[in-house]
Each structure stands twice: as C-alpha cells, then as structure tokens.
Ligand SMILES: O=C(O)CCC(=O)C(=O)O
Ligand SMILES: [Fe+2]
Ligand SMILES: [Zn+2]
C-alpha cells in the first residue's frame, strides 16, 4: 500500500570494486555477480517505473537507488556517506521516492563513489539495513525525474476489500429501472449511472443540495466507510454515492469534479474489473493510472482540484506487462507494454457534499473562486496592473509547460537580427518565454528574463541564463546592453502609458548606439491583401504557425457576459492610444468597458481583448462524448484567457517616437505583427 517502492530486498554484500568501464580481466565472485545483477536491476527499475535513463559511462551524477526519502533514508544519513568519496555539488532527494540523485564536483569523485558505494549497506531512519546501488546519469535534475510520478495527492490502495465484499456490493446494485423508489439512475451514452443521497447533474456538474434523494447510502456502504475511516484510509465520511458501470468500450470524459459541489477527498472503489484512468494536468501532462479490481482510488489536493480524470472509451487498455506492477502509473517504456482486454467495471464513487464555497489554491479552475465579473477595461493604473496579474502573469504561470511545448520555431526575421549582431554583444531578451531565442547565436552573450517563474525554469533547464523580473523594472544596469529584444511582450500591458514605460525600460538598458527589436501583435491580420498565418487554415505549415496552433481549435467561447456597467468616458487610456495613431483604427473597443473574448483564427474586432488558451488533449484518442466542461464546451481542459492590446498600423512607431534619445531604424509588418528596430542615440 502507498506508493513507496523498495527497490530490492536487503542483502549482505561487501562493497566491491566495480569499474564502470567494466572489467573482463578477472573473474567475478559469486557475491560480486549477485551485486552486479542487483545493480543492473536497479537500472531497469529506474527506467521502467520512473523513466530515468542511466548511462554506462562515467559522468558527474549518480542515481542512488534505495537511498531515498521514500526508503526512510534521510539527507543527514546519506550525505556524509556520499561526501566520503568527494565534494558533493548537489544532492537531490525527491519526496516519497526510493532513490536520490547526487552530483559530484568532478567525474573522478563520482567514479570513486560508484566504485566504493555500490552494494554498501547503510542504516535507515528506522534502524533497518538498506543497500545502495548506484548508476551514472547524464544530469542531476529533479524536474525530469518527477515526470513519471503520480499526480500529487493521489493514492491507489490495493485490495481494500475482500472478494466476498466485492461480490456483495456488486449484487446490491439493482439496475432495473422500473420501481418507484429507485435511486436516480440514468443510462448515459457511454455508461450506466446511479446516484444515492444527492443526484449529480451532469448538465451543470453540480448537486442540488436542497433536494436529497429518498433513502441514504446503502447499509453495506455505511459499514465499509466506517472501517476505512477507522483504518485511516480516508479522512472524512462521504455522504453521497455515484455508481458508474462501464462495459468494455465505455468511458467517462476527462473532468474535474466541481469544486463547489464536493469537499476535497473524493474516493472511488473499483469492482468487477480493472481499468486505466487518465489524469491530466492543465499543462498537458497525462498520467495513465491503473486501478486494479478491489482497489480504492483516493483523490485529494492537487489531483482532486487541478488535474482532470477520465476513462477513455475503448475495449483494451495499454498496461505494464511486468508482473508485480498492479496499481499506479503506466509508463511509456515500450518494452514493457501489453494490451489488456477490459471487462465490466463498476465503480462506487463516494464524495462529501460541500456546504461552503471552495477556497482551494487553484482559483483558475475553481468555480467558487471564478471572478464574477469578466475582465474589464482598466480605468486606472491599479486596475491595469490587476488585469495583467490575472490575465497575463497568472495565466502564463499556469500554462507554462504547455505554452512552451508550442513554442519551438524561431521567427526568421528575429533570427536574422540576432545573427547580424557583432560577436561578443551583450543582448537581453525581455520577456524571453521558454528561451527560444537565447541560443540562436552562440557568438552573443544573451540573457533572458520573464515574469513567469515556470518559464524561467524551463530556460534554465535548457542551460540558458534567465531570471524572473517585471519588464517595467529590469534589474540590469542602464546602458549596459548592446541590444535588446522584446518579442510579443508589450501587447500584454494594459494601458498606453504602461506600454510606453515598457519601451522606455528597453531603451534604458541600451548603450548609445545599441539596438532594440520589438514585436507586437497587429490588429491587422490581413495586410496588403494577404492574410496572416494566424488567419490561414494551413495546420501543417512551418514557421510561426506553431505559435498559434494551440489556439486554433477554439471556436466561439460561451462566456457569461455581464450587463455593461462601464463608463465609456472613463477609458482615458484608450484616448491616449488614439493620440498615437496614424489612423486606420478606431476606438470601437471603448464602447463597452468589458473586454471581449476573441474567437481564435478570426480578425480582431477590438484592440483590447481576451484571447483564449485552450488546453488541447490528445484528439484522436480522447474524444469527448458528453458535455462535461463548465461551459458546455467539448474540451474538458480549462480555458485560460490572456489579455492583449493588439496594435494598429503606426501605433508602435508612434509610441516609440514619444521616447527620448532614439531613432527608428526600421518599421515593418511581419506575419501579423508590427515590428520596430530602434537605436539609442
Ligand atoms: O468511475 C470512476 O472511478 C470515476 C467516476 C467519476 O469520476 C465521477 O463520477 O465523477
Ligand atoms: Fe469524477
Ligand atoms: Zn476550488
């Protein structure tokens, strides 16, 4: 039970010398052979269960199997052992994992550790003996190691009930639909459902708290729940039950159980047959989890509130072939996968109906915390900042990994600019995102910054220099940069003053003669009779296409529009935008103070708007069959909205012209963007 894996049973083995380059010049003793076998087994287990690839040549970093927090080995115990072999640069100990990762200052030191610590016995926190097995890895990196973990807060408890209880529970379900006193039962397109105590309405994903159904929980459940509570498997007693029955080929669309309807802990008992349930993070990561027959799935915290869960309608599941792997994640180890024919699965999902609004830490997916008012046009600097925080900063933080996965092709004109800079130039990328321009020209010293910590983390994982900061206050000394780039950043500032301030900040960084390249999204998506790639349908073209492919699937969004409470005259920032204009755009956007939601792949109708970011699942595989999302949309992933101010022709140039000490070297249109190259004089 629990998800801690003990890699190997303990065995008494001496610390023998094993050279990583391998030793065929002498015969291994029986004990040495056994140790070698165990060490190789550790490599396989790391790969299969954790997706960690070890390497057969010496590097600075080692994975220490069995030396992990999940094995009750504390840092205090492990570090001194490791330090006997050399200077430890870093020791990563991921939570609940039966391994850790150590990086030495030099390869010599890590080789020494490999040679002397393999098979070494240490004593864990509970006084038990643990044997360490070490293997080299390319890099010590916790983020990468974490990819194959169960969603935080998720547990699968195997064999929670006996086969007799399982039989009894299955027999207690009366699926006949005729009697009056039947609990609310429906045959949905892709499964049968029955509710107890409160009906769950799939139309609005909520329960009617004032209208409990006649009869309570089935008696047999009452006693089982009491037992689980006593044994500590669950923290509170549920008061609602949904029974789902899935024939092979049935499924349930990916969804998050409505926050406002139920408390934190949601549990589901699997009966009759095992099944694979998919958990998805809004960033796009999917974790398939095997739910064995007679196991209890416990979803709490992040796994309950932020991740969606669902069962793909299909007749076979891809499962781990290796014996002994019952519950838990299905890894993508192609050598260990097989097909498993589904049987009829009946699940008992118990939940506790919530009486007070949810105050979880995931406001972006929490219906209790959703803003009553959609974003409106800012009427003060304070409101502008709030708008940027809610509709730019927070959103990028949440979507960072998914966003990054759609940002890989650098735009040619920007590459050209960077390649033309003299070698040795110091260049700052202000709003660097995932760092896709930071490695374009190795002759430059490039440094990136972004407001999103998660995006900066991605840059650092790629070995780029990046830090978190606000583009209005960049902690770089004035006049120190030979060049700056600002790609798709300035359009996220919500007032003309703030956009100018962001431009001013770029200029401040430049030395006299230094150049800045600025890109902003254009209001005109059709220019000189040519539609931008954003408007064009071609989904396979290269270049900037990938930048918008994610948004492209989104059609009109059904977003509640509030009555217009805005005061048109007060949108003073917009009039100042219009002061900059050379013409062409009008101030339509001021007519209504609430921000319109843009329909992706269509022309813009307003300069200030919200652009949806839609988490897209795996389309072929994961067809949704019932409306499940909060807005009745087909996609279960949350939709995030990013604020944009799209620039009219001449507007960026006009904004630049308000700055002192600059000259505009070039101004052009590039695939739906207005672009300026300016120089500090
Ligand atoms: O079948 C299951 O285990 C889960 C059912 C479920 O997620 C639900 O009814 O909300
Ligand atoms: Fe659910
Ligand atoms: Zn919530």
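More than 26 Å apart: what percent of Cα pairs in the range 30-148 qualify?
Tail fraction, whole percent: 9.
Using 0.36 nm per residue, how much length does the chain from residue 31 to residue 470 gain when fully extended, once their Cα-Cα distance is taken away?
152.1 nm
Given the Cα-Cα distance of residue 379 and residue 175 and 0.36 nm per residue of separation, how much length would full extension add, in nm?
In short, 67.6 nm is gained.
I want to verify the translational diffusion coefficient of the range 154-364 in µm²/s; compute it with Stokes-Einstein, Rh as the Kirkwood radius over Cα pairs, at 20 °C and 1.002 mPa s.
After rounding, the answer is 121 µm²/s.
May I ask you to derive the FRET efficiency for residue 416 and residue 603 from their Cβ-Cβ distance with R0 = 30 Å, giving the value to the nearest 0.05?
So, using R0 = 30 Å, E works out to roughly 0.60.
How would you order 526-532, 302-308, 394-400 from highest to lowest mean count of nearby Cβ atoms within 10 Å?
302-308, 394-400, 526-532
Over the Cα atoms of the range 354-432, compute the convex hull volume and normalise it per residue, giving Å³.
174 Å³
May I ask you to give the average projected area over all directions of the convex hull of the Cα atoms of the range 391-546, in nm² rounded to one decimal?
Average of the hull's projected areas for the range 391-546 equals 9.8 nm².
Readers should treat all values here as calculations from the given coordinates under stated rules, not as data from a laboratory. For clarity, every value in this text was computed on a predicted model and none was experimentally measured. With ideal geometry, Cβ positions are generated from the backbone for all residues, glycine too; neighbour counts draw on all protein chains shown.
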